[in-house]
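Below is one structure; the comments refer to it alone.
The values are calculated or read from the model by the stated rules, or taken from the named source; none is laboratory data. Given the structure is predicted, the values throughout are model-derived calculations rather than measurements. Cβ placement follows ideal geometry from the backbone for every residue including glycine, while neighbour counts extend to all protein chains displayed.
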Amino acid sequence: PPLPSRDVVHCCFTAAEPVPLDPGVRAAVGHLIEDGVPTRAVARVITDLTGLPRREAYALAVRMQG
């Protein structure tokens, strides 16, 4: 339905959560992070193992590194 023309409407958007990682992939990535592997390399592994786009994989790697 059409929105009222005189009322203020606020919209909030949040980023969608990425597809949950398979536990085996999550464990492998966790080991890479613990070993100090650079974020870019970790993201490349995530992309190779999951097929996620590079940007999503990089964002996920950054979040996992905390």
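Identify the residue in the stretch 18-46 that is in a helix (DSSP H, G or I) and of a type in the set (Gly, Ala, Ser) and, among all such residues, is surrounded by the fewest Cβ atoms within 10 Å (Cβ to Cβ).
Of the residues in the stretch 18-46, the ones in a helix (DSSP H, G or I) are 23-34, 39-46.
Now drop any that are not of a type in the set (Gly, Ala, Ser), which leaves 24, 27-28, 30, 41, 43.
Numbers: Gly24: 9, Ala27: 11, Ala28: 16, Gly30: 14, Ala41: 11, Ala43: 22.
Among residues in the stretch 18-46 that are in a helix (DSSP H, G or I) and of a type in the set (Gly, Ala, Ser), the one surrounded by the fewest Cβ atoms within 10 Å (Cβ to Cβ) is Gly24.
For the stretch 1-57, what are the residues that are hydroxyl-bearing (Ser, Thr, Tyr) and modelled with pLDDT of 90 or more? Don't jump to the end; show me each part of the working.
Step one: list which residues in the stretch 1-57 are hydroxyl-bearing (Ser, Thr, Tyr), which gives 5, 14, 39, 47, 50.
Correct list: Thr39, Thr47, Thr50.
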